[in-house]
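Participant: Here you go, one structure.
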Amino acid sequence: TTMVSRHCPSCGRNLSRNSYSRNQWSKPVGLSRCHACVESGRSINSNNATNHNRALQTERRNNASSATFPYLNLSNPFAEGGFRWVAKGTYTVGERQGQACVCKWFKTGHVFETSYFDLDIKAMEKALALVKEWNSRSFIDKIVQVNIPQVWTFQDHGYGDSWAGKKVLQEPFIDNYVKFNSNSGWADGSTPWPRVM
């Protein structure tokens with residue numbers, strides 16, 4: 001994908017490629033200043049650097065390579081969406097070792113191909129881009145984060161594991177999760193926070 005616009009860290013405007021000199025465009029995002037800012041001698045705005053850092057804090061990744069799910073949790077999912085069951089487990093290897101995680105699978109049955117989750121991953125990538133932009137603008141004093149799911153495969157542990165080979169979406173558990181809306185158009189209007197979400 002070719003980036004056709006970027007934010008100038010001096011003025012904070014999102015500008016097209018032709019608003020930058022060749023030299024400025026060749027610099028990393030967050031350091032390249034537009035023609036107007038270079039000509040006026042405007043330096044990089046520290047508020048914009050802060051906003052860039054806010055955008056970087058948007059992602060919540062697994063940062064782990066293994067997790068365990070008690071069979072009881074898989075047999076009795078604690079949550080569900082319109083199309084998925086959700087079970088809670090614990091990361092066992094990686095930076096998040098000992099922390100809670102979730103796996104999600106289709107209500108219609110298990111899949112053995114990663115491609116079944118392609119639309120989920122694409123939707124997350126789009127949401128991530130939008131939320132990073134939102135966070136970089138500092139509209140509110142909080143950072144909205146996006147879980148970055150990965151497709152993981154259950155392993156056979158040698159005791160007739162019926163889950164072996166099945167694919168799930170794996171992501172960090174969200175403490176104090178609150179649902180603000182749904183695919184059907186429902187939205188919680190009881191506090192100002194849902195308007196943000």
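The values are calculated or read from the model by the stated rules, or taken from the named source; none is laboratory data. Keep in mind that this is a model prediction, so the values were computed, not measured. A quick note on method: Cβ atoms are made from the backbone with ideal geometry, for glycine too, and the neighbour counts reach across all protein chains shown. Accessible surface is based on the protein model in full, side chains and every heavy atom, while ligands, DNA and RNA are left aside. Shrake-Rupley method; radii C 1.70, N 1.55, O 1.52, S 1.80 Å.
Participant: With all protein chains present and a 1.4 Å probe, how do Asp161, Asp118, Asp156 order by accessible area, largest first?
Facilitator: Highest to lowest solvent-accessible surface, that is Asp156, Asp118, Asp161.
Participant: Put Ile148, Ile174 in order of accessible area, largest first, 1.4 Å probe: what do you get?
Facilitator: Ile174, Ile148
Participant: Another one. Please compute the net charge surrounding Val168, taking Lys and Arg as +1 and Asp and Glu as -1 over other residues with Cβ under 13 Å from its Cβ.
Facilitator: So the environment of Val168 carries a net charge of +3.
Participant: Then there is this: How large is ³J(HN,Hα) for each residue in the range 87-101, as worked out from phi by the Karplus curve 6.51 cos²θ - 1.76 cosθ + 1.60 (θ = phi - 60°), to whole Hz, x for Gly and Pro?
Facilitator: 10, 9, x, 9, 5, 10, 9, x, 4, 8, 3, x, 8, 6, 9
Participant: Tell me which residues come under 5 Å, amide H to amide H, from Thr92 once H is placed; ignore anything under 5 positions away on its chain.
Facilitator: Amide H neighbours of Thr92: Ser66, Ala67, Thr68, Gly98.
Participant: Grab the Cα-Cα distance for Gln97 and Arg60, subtract it from 0.36 nm times how many residues apart they are, and report the gain in nm with one decimal.
Facilitator: Once the chain is fully extended between Gln97 and Arg60, it gains 11.9 nm.
Participant: Continuing with this model, one more query. Starting from the 7 Å offset along Cα-to-Cβ, what nm value, one decimal, do you get for the label separation of Ser190 and Asp118?
Facilitator: 4.0
Participant: P(r) for the range 13-136, please, calculated from all Cα pair distances in 5 Å bins and given in %.
Facilitator: Using 5 Å bins, I get a P(r) of 2, 8, 12, 13, 15, 12, 8, 7, 8, 7, 4, 2, 1, 0 for the range 13-136.
Participant: For a quick check: with amide H placed at 1.01 Å from N, whose amide H comes under 5 Å from Val146's, ignoring anything fewer than 5 positions away on the same chain?
Facilitator: Glu59, Arg60
Participant: Enumerate the calculated ³J(HN,Hα) couplings along the range 59-75 in order (Karplus 6.51 cos²θ - 1.76 cosθ + 1.60, θ = phi - 60°), each rounded to whole Hz, writing x wherever the residue is Gly or Pro.
Facilitator: 7, 10, 9, 4, 6, 7, 10, 7, 8, 10, 10, x, 4, 4, 5, 6, 6
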